[in-house]
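Remarks on the structure that follows.
Read-outs throughout are calculated quantities, based only on the coordinates presented, and are distinct from any laboratory measurement. Keep in mind that what you see is a predicted model, and the values were worked out from it rather than measured. Cβ: placed from backbone, ideal geometry, glycine included. Neighbour counts: every protein chain shown.
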Amino acid sequence: MLAEALAPDAHVPAPAGAPGAGSWQDFAWRRKAVADSEADTEPSQTDRNAPFRPFEAAPALPIAAELFRALNAAGLKYGIVQDLASVQDALAGRDDLDVLLDKHDYPVFCSIVSRMQGRRGVSLSCYDNVCAGREDWFIPDFSRGRYLHLDTHIGVRVGREFRKRYLAFDYATIARWESICVEDVSVPVVSPEDEIRIAIARFAFRARAFPWSRWITLPDRWKDQLARLPSLPSEPSLPGEQSLHVVEYTFGGGRKAICRLRKSGDDLVADYGDLARLRRSIREMSGFTGHYAVADAAVHLVRKTSYLALRLLQRLMPGRLPPKRRPVAGGLVVAVIGPDGVGKSTQVDRLAQTFRWKFGCAQAYVGTGDGRGWWLRKRLQSLILPHRRSLKSLVQQDGNDSIRRSWAKGGVVATGLALWAVLIAFERYAVVKRAHRWATRGMIVVSDRWPQTLRRGYLDGPTIPEHLFSIPGLSALARLEQKLYQKMEECRPHLILHLVSDFAVSEQRKPGEIRKEAFDARLSLMAELRTRDKDIRTVDASASLETVNRELFRHIWLSL
């Protein structure tokens, strides 16, 4: 059982390193037990001389050890207040890491995480994780292309899910801290007794039962949080309450409260009367002496209704509403540009997946390939697809050969090309404006291309050839297309990243997708764009997929 594995006398064997995974072999995470025999140990202190005990390893991000090392060096009073089973994923950047911080150390904490390029997240007020004394901080690990999520608490507040208003615990009220070791760095974690007190206090405000009920069964998710509870007998061995486990609370002014727990088969049940008295004690300790249960329920209902309505609207109208969480500095439009075969789409998909874990993130597409687009443009594109090579030649060359002159004079293909080009321009303009609207609402928008106006026929630039401007009827369409691209030029991305490589890389990844002359023409145009805009960043696309992804992640994070 997990409860037995986390008991003080349990022995967990050290994990073997995974083949080919150096991070597993190098990772050392061992639990350090606190010597209970030292009666003179002060509350909220960690016995750092106690022997280390092995604990199940996880591939923690290197930035986690660097963070804890900096916090320890500054002498901050902090600790992790969550079940150890989830700490592994949290340190690996796959879950939240709940950190309780002393209020007086908050300014120093902000200074440390800011030096580590940390970013603070802002959530809408209708969400359940918004309460006083709680903040989301995100610290990047550029060596892994991921980020660590710190769920930072100045004090642990409890209450209804959408009404956490009662300060029940702060750093000083934690009776005892233990330690784990992350990459040879000692990290304080809450003791099993205090972890159980916090979990029961949270459950007390969410437990629902009939007034005449004596015992209430804890749901599975609450049993997981009480995994470190000492083993209880399945059935009473003696009359009375010999099988009960009592959780004790001591509040200011000498007030005390208890909560009795016992096992009922495979379930864990709590005394409902004890939970009610615990709720009243926490309210009184926070200065709320009236009848606030009805008010809490009403506010919780209103906020949860708003939350559910907002989530429904976000599903029905993606991007129309602000995301749940956004960077404190606002959203960002990122354009990843490069020739065919350098991995733009793959990298954009990976970046969106990485940032979408905790932030509002969306992908934009302004191409004419298999991505999303208007059905009318796609229908017209399917009609002229058989003439694709001739159309490319018509657009990308200067208009001197007899084939292109005959096509232009024929008018049918030229007209189809002009209509198709105008539809593309309208569609791209709509995507560009939508991307900036999303960024204004706090979203991170990533696109694997972006329109340019320097050269026609390359890198999503204008499509109608210049020599068609003189043809009656088509000149108006050509001018309309030109005007749309001029408007798009005014809506530049906040960050432009150029993926550059040689032709051999593109040919290896997508054989026959693009000719060398066209590839070189795109690289030449990208160099011209960088000459005009010194803020454009370049990334070597010939490196491995992981290396390129980490470099792109670093550029985007530093721009947040």
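A few notes on this one:
- Distance between the pseudo-spin-label points of SER542 and ASP220 (7 Å out from Cα toward the beta carbon): 5.3 nm.
- Dipole in debye (nearest 20) - the range 435-560, about Cα centre, beta carbon charges: Lys, Arg +1; Asp, Glu -1: 380 debye
- What the phi angles of the range 115-131 give under the Karplus curve with 6.51, -1.76 and 1.60, with θ = phi - 60°, is a coupling list of 5, 8, 6, x, 10, 9, x, 10, 10, 5, 5, 7, 8, 6, 8, 9, 7 Hz, glycine and proline written as x.
- Global geometry of the range 445-560, whether rounded, prolate or oblate, following the gyration tensor of its Cα atoms and the 1.5 cut on a/c: oblate
- 30 Å Cα-Cα threshold exceeded, pairs from LYS77/LYS358; LYS324/LYS510; LYS344/LYS433; LYS263/LYS304; LYS324/LYS344: LYS324/LYS510; LYS263/LYS304
- Under the shape rule built on the C-alpha gyration tensor, where the axes satisfy a ≥ b ≥ c, the range 71-128 is oblate, since a/c reaches at least 1.5 while a/b does not exceed b/c.
- Cα-based shape type of the range 262-307, given that a ≥ b ≥ c are square roots of the gyration tensor eigenvalues and the cut on a/c is 1.5: oblate
- Inter-label distance, nm, simple model (7 Å from Cα along the C-beta direction), ALA329/LYS256: 5.3 nm
- Segments 415-423, 537-545 sorted - mean Cβ within 10 Å per residue, highest first: 415-423, 537-545
- Furthest towards positive pole of dipole, SER506, MET488, VAL548, structure part the range 407-560, Cβ charges: MET488
- Other-chain or far-sequence residues with amide H under 5 Å of TRP177's (modelled H): SER44, GLN45
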